[in-house]
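What follows is a single structure, written as structure tokens, with notes after it.
Any read-out appearing in this document is the output of simple, stated calculations on the displayed coordinates, not a laboratory observation. Values in this document were obtained by computation on a predicted structure and should not be read as measured data. Every residue, glycine among them, receives a Cβ derived from its backbone with ideal geometry; neighbour counts consider all protein chains shown.
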Amino acid sequence: MRLKGCKEGLAVLMIATLLSGAGGCEGPASGLNDLSAMNKATITINNHTFEVWLAQTQDEITKGLMQVDSAELAPTKSGAERGMLFVFEDDRLRGFWMFNTPTPLDIAYIRSDGTIVKIWTMRPLDTSTYPSIEPARYALEVRAGCFKELGIFEGDKVILPEGL
């Protein structure tokens with residue numbers, strides 16, 4: 001998954017790419033998140049545990065789950081679901097797309113108070129925007145169908161670690 005973000009955020013990213021002379025595609029090593037090096041956290045929704053990689057820097061947010069295959073998103077041995085939690089500084093309208101992401105994903109947009117405001121199932125490689133509809137501070141991506149299987153819906157509360 002790659003953040004499309006607010007229109008101005010995307011424009012800034014595109015301008016920065018053009019000005020840096022980095023036209024075209026980046027190589028695989030530089031264009032993907034190293035999941036093993038990312039910070040992790042455990043979150044809970046309706047008594048279901050999720051082990052999540054934390055996308056906190058602009059670079060981590062931009063790369064998201066690009067090129068991550070479904071095996072990496074399989075539940076842990078302990079049964080926790082896996083995913084990526086995108087952490088922003090404030091509640092704003094958000095939008096994500098599936099550029100360079102071959103694995104279908106569910107996304108839940110979450111307000112600062114932990115309330116899920118919008119859930120989408122995103123199609124692989126789809127460059128349409130999946131909007132938050134309401135301001136959100138977090139976005140949680142997991143394997144497609146996960147939220148439905150677990151009975152997680154808009155309006156449910158996410159329990160996040162202190163200080164996140």
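Listed values for segment 153-158 are Karplus-derived 3J(HN,Hα) couplings in whole Hz (6.51 cos²θ - 1.76 cosθ + 1.60, θ = phi - 60°), namely 9, 4, x, 5, 9, 9, and x replaces Gly and Pro. Among the trypsin sites (Lys or Arg not before Pro) within segment 34-131, those in coil by DSSP and having at most 16 neighbouring Cβ atoms inside 10 Å are K77. Over all other residues within a Cβ to Cβ distance under 15 Å of A41, the charged ones net out to -2, with Lys and Arg as +1 and Asp and Glu as -1. Taking the centroid of alpha carbons for each part, segment 27-70 and segment 106-164 are 14 Å apart. Amide hydrogen proximity for M122: with H placed 1.01 Å from N in the peptide plane, the residues at 5 or more positions away or on another chain lying under 5 Å are L105, D106, I107. Three semi-axes describe the equivalent ellipsoid of segment 50-164; taken as square roots of 5 times the Cα gyration tensor eigenvalues and ordered largest first, they are 19, 17, 14 Å. Residues within the reach of a label modelled at E154 (point 7 angstrom out along Cα to beta-carbon, backbone nitrogen below 20 Å), restricted to segment 125-142, are 128-142. Subtracting the Cα-Cα distance of D59 and A71 from their residue separation scaled by 0.36 nm leaves 2.0 nm.
Using the Cα gyration tensor of segment 72-125, with a ≥ b ≥ c the square roots of its eigenvalues, what is the shape: rounded (a/c below 1.5), prolate (a/b larger than b/c) or oblate (neither)? Numbers along the way, then the final one.
Values: a/c = 2.18, a/b = 1.23, b/c = 1.77.
The shape class here is oblate.
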